[in-house]
Amino acid sequence: MIEITWFGHSCFRLIERSAAAIVTDPFNKSIEIKPPRLKGDVVTVSHEAPGHNNLTIVKGARPITGPGEYEIGGAFITGVRTTVSNDEENTDQTQANTAYVIEYDSASVCHLGNPSGIPAQPQLEALGTVNVLLVPVGGGQGLNAAQAAEIISMIQPSIVIPMHFSSGITQLKLDPLSRFLKEMGLSNIQSEPSLKVTKTNLPEETQVVVLDPKSG
């Protein structure tokens, strides 16, 4: 069983018993949320921006900062290159983004990072089977709600967890979660403190799960 916990913005921690604990896109104080202090064996960085690459908060973890295939502590990690706009620095520069697929025995989880648009079909196909998709939905210079919904229909994950949206506690110019939920045909849904998932409890149709951000 994998437990997925969200710490705000694009930062999650994935834990499976007897396997490597993985932290994604740790942020610094520039996004106006106090960075948590996290424990993990591996930390993935989707792109070089202050809201996504603060490796210092995950002490002793092995960093993965680009595409490739990695096997660490019972977890198989595949990084797939896309492109991303560096919205945190308010520039027009486009830089490399890496989406990561993390495969445990229990299930596969894909963290899309912050692509500036819908990736090309070969990039999406390279992700393989995705049970849980962590997808940015807040717009800015990243995916907006409509683009996120389109990617979801292309990948067809069992579970979708939205990230990278305006939570009301930062000044980042991002859209609220409600816009994405409306795009998905949903009203406000009950948020959860974390998600525990295995291949045996996956829903038959794509389900959106909203997580409460946890302070570290």
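Quick note: the coordinates plus some simple rules give every number you see, no bench work behind them. In this text, all values refer to a predicted model and were calculated from it rather than measured experimentally. Cβ atoms come from the backbone with ideal geometry, glycine included; neighbour counts cover every protein chain shown.
Assign unit charges at the C-beta atoms only (+1 for Lys and Arg, -1 for Asp and Glu), then state the dipole size of region 145-210 relative to its Cα centre in Debye, rounded to the nearest 20.
Working: 5 positive and 6 negative charges, 36 e Å.
So the dipole magnitude of region 145-210 works out to roughly 180 debye.
Quote the relative contact order of the chain in percent (integer), defining contacts as alpha-carbon pairs under 8 Å separated by 6+ residues. Please report the intermediate quantities before stating the final value.
Working: 554 pairs, mean separation 41.4, N = 216.
Taking the mean separation of contacting Cα pairs over the length of the chain, I get 19 percent.
What dipole magnitude, in Debye to the nearest 20, does the chain give about its Cα centre under +1 on Lys/Arg Cβ and -1 on Asp/Glu Cβ?
Details: 15 positive and 22 negative charges, 130 e Å.
That gives a dipole near 620 debye.
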Please report how far the C-alpha centroid of region 35-70 lies from that of region 149-189, rounded to the nearest whole angstrom.
23 Å
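Highest first, please rank the peptides 106-114, 56-64, 189-197 by the mean number of other Cβ atoms sitting within 10 Å of their residues. Kindly include the intermediate steps, with their values, before the conclusion.
On the way: 106-114: 26.2, 56-64: 15.6, 189-197: 13.7.
Order by mean packing, descending: 106-114, 56-64, 189-197.
Going highest first, how would you order 73-82, 121-130, 43-52, 11-20 by mean Cβ packing within 10 Å? Provide the component values of the computation, followed by the final result.
Details: 73-82: 18.1, 121-130: 14.9, 43-52: 23.3, 11-20: 20.5.
Peptide ranking by packing, descending: 43-52, 11-20, 73-82, 121-130.
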Labelled set (i) 39, 39, 34; (ii) 45, 42, 36; (iii) 48, 41, 29; Cα extents along the principal axes in Å computed from this model equals the value at (i)
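How charged is the neighbourhood of LEU112? Take every other residue with its Cβ under 13 Å from the Cβ of LEU112, and add Lys/Arg as +1 and Asp/Glu as -1.
Values: positive: ARG81; negative: ASP25, GLU150.
Taking every other residue near LEU112 into account, the sum is -1.
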Test of understanding: ordering TYR70, TYR104 by Cβ neighbours within 10 Å, fewest first, what list do you get?
TYR70, TYR104
Which residue, ALA21, VAL197, PRO157, has the largest displacement toward the positive end of the dipole of region 2-208 when charges sit on each Cβ (Lys, Arg +1; Asp, Glu -1)?
ALA21
Past 32 Å, Cα to Cα, is the threshold; run LYS34/LYS199; LYS29/LYS182; LYS173/LYS214; LYS59/LYS182 against it and keep the listed order.
LYS34/LYS199; LYS59/LYS182
Testing the spin-label approximation: label points 7 Å from Cα along Cα→Cβ at GLU150 and SER167. State their distance in nm.
2.8 nm
How do MET184, MET154 rank when sorted from fewest to most other Cβ atoms within 10 Å of their own Cβ?
MET154, MET184
